Amino acid sequence: MFNEAHACQVWIDEKEQWLNSMEIPEKLEDLEVIQHRFESLEPEMNNQASRVAVVNQIARQLKHNGHPSETDIKTQQDQLNNRWSQFRDLVDLKKESLNSALGVQNYHLECNETKSWIKEKTKVIESTQELGNDLTGVMALQRKLTGMERDLAAIEDKLGDLRGEAERLATEHPDQAKAITGRLAEITAVWEEMKNTLKTREESLGEARKLQQFLRELDDFQSWLSRTQTLIASEDMPNTLAEAEKLMAQHEGIKNEVQNYEEDYQKMRDMGELVTQGQTDAQHMFLRQRLEALHTGWNELHKMWENRQNLLTQSHAYQLFLRDTKQAEAFLNNQVRDIRPGS
């Protein structure tokens, strides 16, 4: 037992010496080396914890059996447990320092990546200057901007995350607070520059801005139309009267929503006719096809709603019939019991 306890303490001495001499570096690659060493230490600590547990088990057995060296055994046991507890605290402390330093370096890395991301999108916007302000150019611009919408939203979310991270890290590392907040200010400036580039590009369209707005609204309307058609087509069939009433109420809500879009649809049609009137080039022909598909989809939506309404009305009537039948059956059963002889 004493030999095993001594071996454990020798291991602890060795690792403590390494931890106490460790200085947390600033470079990410050096931090990753230290992190790897800590990862290698973990299985060693698990193995050592098992050895300490064995020493404690043997010590308890010896004391229970009244060993003549019980006092020395307890002293050795307590000493080992105290050393082991102190060692684990030291490991946790060093890990915390390491993770904190890694947090700073990862923050700088994410700042670099976000800055590159924003600059990439700025170049995409700048490249649209060559597209022109006619329908072809505006449609190409709209496609590019539509494809960028998710990226721009993601960048804005990322900036929000970096602001929170910068505030936390600046508090934890006051000696590096200036550099941390400086990186955030740098990225924010690049972001504002990109937004100004986008605004300038849209303003340069002049009258074509109305066309761009029309194309954006057309995209949004077609997306809503497709979602609503899918919603109607995927509605369930009721199995009870309560479900039938609930589904009919939901279906009526869809009708109200469609009616609210009626004015938007008419404006879309009128603007589309104005834009495509007398035009025969490929882009205008494609736009005309989109408008025809919109008209077809709008009419199909109304037909789908009516068909679904008829089906729900029939289902509701059927559920009413089932309810009334059950009530009549129960009434007749009660009547039969009342008129039976001896009742």
Given Glu165, Glu186, which one is buried (at least 16 other Cβ atoms within 10 Å of the Cβ), acidic (Asp, Glu), touching a residue at least 60 places away in the same chain (Cβ under 8 Å) and outside the structural domain of Leu274 (by TED's automatic domain parsing)? Glu165
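This table checks each residue for (1) in a helix (DSSP H, G or I); (2) at pLDDT 90 or above.
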{"site": "Gly278", "(1), (2)": "no, no"}
{"site": "Leu291", "(1), (2)": "yes, yes"}
{"site": "Thr325", "(1), (2)": "yes, no"}
{"site": "Asn334", "(1), (2)": "yes, no"}
State yes or no: is His302 surrounded by 13 or more Cβ atoms within 10 Å (Cβ to Cβ) and in contact with a helix residue (DSSP H, G or I) (Cβ under 8 Å, 6 or more places away or on another chain)? no
How many residues does the stretch 96-119 hold that are buried (at least 16 other Cβ atoms within 10 Å of the Cβ) and among the charged types (D, E, K, R)? 2
Would you confirm whether or not the stretch 5-19 contains a residue that is at pLDDT below 80 and part of a loop (DSSP other than H, G, I, E, B)? no
Test Lys94 against the stated conditions and say whether it is among the basic types (Lys, Arg) and under 19 Å from Leu31 (Cβ atoms). yes
Among the residues of the stretch 73-95 satisfying the criterion of being within 30 Å of Leu169 (Cβ to Cβ) and among the basic types (Lys, Arg), which is surrounded by the most Cβ atoms within 10 Å (Cβ to Cβ)? Lys94
Would it be correct to say that Lys74 is touching an Asp or Glu at 6+ places or on another chain (Cβ under 7 Å), free of Cβ contacts under 8 Å to residues at least 40 places away in the same chain and in a helix (DSSP H, G or I)? no
Going residue by residue through the stretch 94-107, is there one that turns out to be touching a residue at least 12 places away in the same chain (Cβ under 8 Å) and farther than 30 Å from Ile155 by Cα? yes
Residue match in the stretch 272-290 (condition: touching a residue at least 24 places away in the same chain (Cβ under 8 Å), aliphatic (A, V, I, L, M) and under 20 Å from Asp219 (Cα atoms)): yes
Quick check: anything in the stretch 208-226 within 30 Å of Ser100 (Cα to Cα), under 25 Å from the mean Cα position of the chain (by Cα) and in contact (Cβ under 8 Å) with a residue 60 or more places away in the chain? no
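The values are calculated or read from the model by the stated rules, or taken from the named source; none is laboratory data. All values derive from a computational prediction rather than experimental measurement. When we count neighbours, we look across all protein chains shown, and the Cβ atoms used for this are built from the backbone with ideal geometry, even at glycine.
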